[in-house]
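Data first, discussion second: the structure below is written as structure tokens.
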Amino acid sequence: MRFSYALGLARQLVLAVTAVAVIEIPVAHLVLSRWSTTAALVVTALSVAFIGYVLVDWAAAVRRPITLEGGTLTLRRGLRRPVAIPVARIVAVRTVPSSDGLTKEALRTVYAGEANALVEVEGGSTHAVALDDPAAFVRALERVIGPAREGLESQS
């Protein structure tokens, strides 16, 4: 199963940042070039590289969704390293209204915006994620958590 996290708020943020940058980069270049051509070129190059990174990172987020396959939940966030969690180690999953009530220890796998789902894992770790459809994510995980944990307990 695949769960997207880059089509809602994330897409809007990327498009807004890119639109602002298209206007801001040339203006900043012109203003800085009056002071220093070198500074203008450096700032322009860094700004273009940053926008390029934002677009490539978002494209990776679209192409690399969070997956639930083969007894493993793989949490992804753009170009960053994925986190693989065996389903048998998941204690609970639930939707949350925002990141406000999260503990400092909660691991955030949020691409953009607020966390809207929490995955609690054995050992006390919690992963906060922001998904386009958190209810479908929770339903899918709840269907597999019980059987996976029962299989783990019967092996003990």
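The values are calculated or read from the model by the stated rules, or taken from the named source; none is laboratory data. Please read these numbers as outputs of a predicted model, since none were measured by experiment. Here the Cβ is made from the backbone with ideal geometry for all residues, glycine too, and neighbour counts use every protein chain on show. All accessible areas refer to the heavy atoms of the entire protein, side chains included, with ligands and DNA or RNA removed. Shrake-Rupley method; radii C 1.70, N 1.55, O 1.52, S 1.80 Å.
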task = Please specify each residue of the range 56-76 satisfying the condition of being open to solvent by 70 Å² or more (accessible area, probe 1.4 Å) and assigned to a helix (DSSP H, G or I).
result = VAL56, ARG63
note = Going through the range 77-110 in order, the residues found to be assigned to a loop (DSSP other than H, G, I, E, B), touching a strand residue (DSSP E or B) at 6+ places or on another chain (Cβ under 9 Å) and either under 15 Å from PHE137 (Cα atoms) or not β-branched (Val, Ile, Thr) (or both) are ARG77, ARG80, PRO82, VAL96, SER99, LEU102, GLU105, ALA106, VAL110
inquiry  = For ALA112, only one of the following conditions fails: (1) among the small types (Gly, Ala, Ser); (2) within 21 Å of GLU69 (Cα to Cα); (3) in contact with a helix residue (DSSP H, G or I) (Cβ under 7 Å, 6 or more places away or on another chain). What is its number?
reply    = (2)
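Taking the condition of being among the hydrophobic types (A, V, I, L, M, F, W, C) and either at pLDDT 95 or above or open to solvent by 60 Å² or more (accessible area, probe 1.4 Å) (or both), how many residues in the range 77-96 meet it?
The initial filter retains those residues of the range 77-96 that are among the hydrophobic types (A, V, I, L, M, F, W, C), namely 79, 83-85, 87-88, 90-93, 96.
Keeping just the survivors that are either at pLDDT 95 or above or open to solvent by 60 Å² or more (accessible area, probe 1.4 Å) (or both) gives 79, 84, 91.
Qualifying residue count for the region: 3.
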task = State which residue is surrounded by the fewest Cβ atoms within 10 Å (Cβ to Cβ) when the search covers only the range 104-118 and only residues that are aliphatic (A, V, I, L, M) and without any contact (Cβ under 8 Å) to a residue 24 or more places away in the chain.
result = ALA106
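Being assigned to a helix (DSSP H, G or I), basic (Lys, Arg) and free of Cβ contacts under 8 Å to residues at least 12 places away in the same chain: is that true of ARG34 here?
Working: assigned to a helix (DSSP H, G or I): yes; basic (Lys, Arg): yes; free of Cβ contacts under 8 Å to residues at least 12 places away in the same chain: yes.
For ARG34, the condition - assigned to a helix (DSSP H, G or I), basic (Lys, Arg) and free of Cβ contacts under 8 Å to residues at least 12 places away in the same chain - is met.
Could you please find all residues in the range 18-38 being surrounded by 15 or more Cβ atoms within 10 Å (Cβ to Cβ) and either at pLDDT below 90 or farther than 12 Å from VAL54 by Cβ (or both)? Even if it seems obvious, please write down each step before you answer.
Here is the first cut: in the range 18-38, the residues surrounded by 15 or more Cβ atoms within 10 Å (Cβ to Cβ) are 21, 25, 28-29, 32-33.
ILE25, ALA28, HIS29, LEU32, SER33 - these are the residues of the range 18-38 that are surrounded by 15 or more Cβ atoms within 10 Å (Cβ to Cβ) and either at pLDDT below 90 or farther than 12 Å from VAL54 by Cβ (or both).
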request  = Go through the range 127-148 and give me each residue that's surrounded by fewer than 17 Cβ atoms within 10 Å (Cβ to Cβ) and not in a helix (DSSP H, G or I).
outcome  = ASP133
